[in-house]
1. Over the stretch 2-324, what is the percentage of antiparallel beta bridges among all DSSP beta bridges, to the nearest 5?
2. What residues qualify as long-range amide H neighbours of residue 29, i.e. H under 5 Å apart, gap of 5 or more or another chain, H built at 1.01 Å from N?
3. In whole Hz and in residue order, list the ³J(HN,Hα) couplings for the stretch 268-279 that follow from phi through the Karplus curve 6.51 cos²θ - 1.76 cosθ + 1.60, θ = phi - 60°; x for Gly and Pro.
4. Arranged from highest to lowest average of other beta-carbon atoms within 10 Å per residue, in what order do the peptides 98-105, 152-159 appear?
5. How large is ³J(HN,Hα) for each residue in the stretch 164-178, as worked out from phi by the Karplus curve 6.51 cos²θ - 1.76 cosθ + 1.60 (θ = phi - 60°), to whole Hz, x for Gly and Pro?
6. Considering amide H positions built from the backbone, and no H for Pro or chain starts, which residues 5 or more places from residue 53, or on another chain, come under 5 Å of its amide H?
7. Any idea what % of Cα-Cα pairs in the stretch 10-138 are farther than 17 Å?
8. So if the hydrodynamic radius of the stretch 2-324 is defined as the Kirkwood radius over C-alpha pairs, what does Stokes-Einstein give as its diffusion coefficient at 20 °C and 1.002 mPa s, in µm² per second?
Amino acid sequence: MALQSSAVKFRRILAHFPQELSLAFAYGSGVFQQAGASAAETGNNMLDFVFAVDDSVTWHMMNLLKNRNHYSFLKYFGPKPISNVQNYGAGIYYNTLVPCNGRVIKYGVISTDVLIEDLLHWKTLYVAGRLQKPVKILTQNENVKLQAALTSNLKSAVTAAFLMLPESFSEEDLYMQIAGLSYCGDFRMIIGEDKSKVMNIVKPNMLHFQKLYSNILEDCPQVVYKHQQGKLEIDKSPEGQFAQLMALPRTLQQQITFLMDPPGKNRDVEEILLQVAHDPDCGLVVHQGISGIVRSSSLIQSAKTTLTAATSDHQRRRLTLQILSSPPHQS
């Protein structure tokens, strides 16, 4: 329907950019209608895109030739330093408030390898979190590792949500929990962002969420779906929770270990997760672990916008020079 008619619009926008993309998708309120917003408002909202590229330096070099005016003062430093700034925090570089084909757009550029790492291990949950909600895939190449990572991310989202939900819940409860994962610990949800944002995302888009997750739920041995009552039931025994904890992405397991293990104890991850599985507050511990990942990446990513936004203030230049003179932080 509306998404089909918008396909041409998206392709025309995509045609403005270098075509060497392993994945391109559109997301957010300009693509999917949110509760309380009219179709006209959705049609006027800024369009958000993410482009995954195999070689960030080469892609930025080509994009600087085509779309130099999209970049902040960082364009004067060239593609390699832009790629260095991209590698900080969540590993994504955004050009914002870009006029394109009669719309205002924002687009983020991320390395394919960094994206796969985030999808598999939730290193920052920044782009992985976007891809746990419905998005409009515009192009995707035949990267088997990327496809497997996209599926793994959805399965991990279901597992984490199960750990934070009670024994019995509705499908809407599940999607609310999943949609809220990438907002756990995000300081923007405290200052600035709409508190009811998660509900506004889920309620009008239940069919899109079902399309994304129905196969995973049908194949999942840990859940019983009672269609007539619209209820799902999961195993909340310590054994069931331990199996789910062991299936979580690596970074989240590490965060939980950090929360639960006093300094000097140095117990192994499996031992700590077994303890958490028996804890009545298991879901809260998982929530705190996710918050720790999101808080860190959202703060660094927001700080980066002072460099990547199209402005040329002297203080920002000085900060850029400091960043460019030091190697990217590897967390």
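What follows is calculated from the coordinates using simple rules that are stated; it is not laboratory data. Computed from a prediction, not measured in an experiment: that's the story for all the values here. Here Cβ is always computed from backbone atoms with ideal geometry, including for glycine, and neighbour counts include all displayed protein chains.
1. 75
2. Correct list: empty.
3. Those phi angles translate into 7, 4, 4, 5, 5, 5, 5, 5, 5, 4, 8, 7 Hz.
4. Numbers: 98-105: 14.8, 152-159: 20.5.
Listed from highest to lowest mean packing, they are 152-159, 98-105.
5. So the Karplus estimates, Gly and Pro as x, are 9, 9, x, 5, 10, 7, 8, 4, 4, 4, 4, 5, 4, 5, 5 Hz.
6. Distant-sequence amide H within range of residue 53: 22, 110, 111, 112.
7. Of all Cα-Cα pairs in the stretch 10-138, 58 percent lie more than 17 Å apart.
8. Working: Rh = 20.9 Å.
Reported coefficient: 102 µm²/s.
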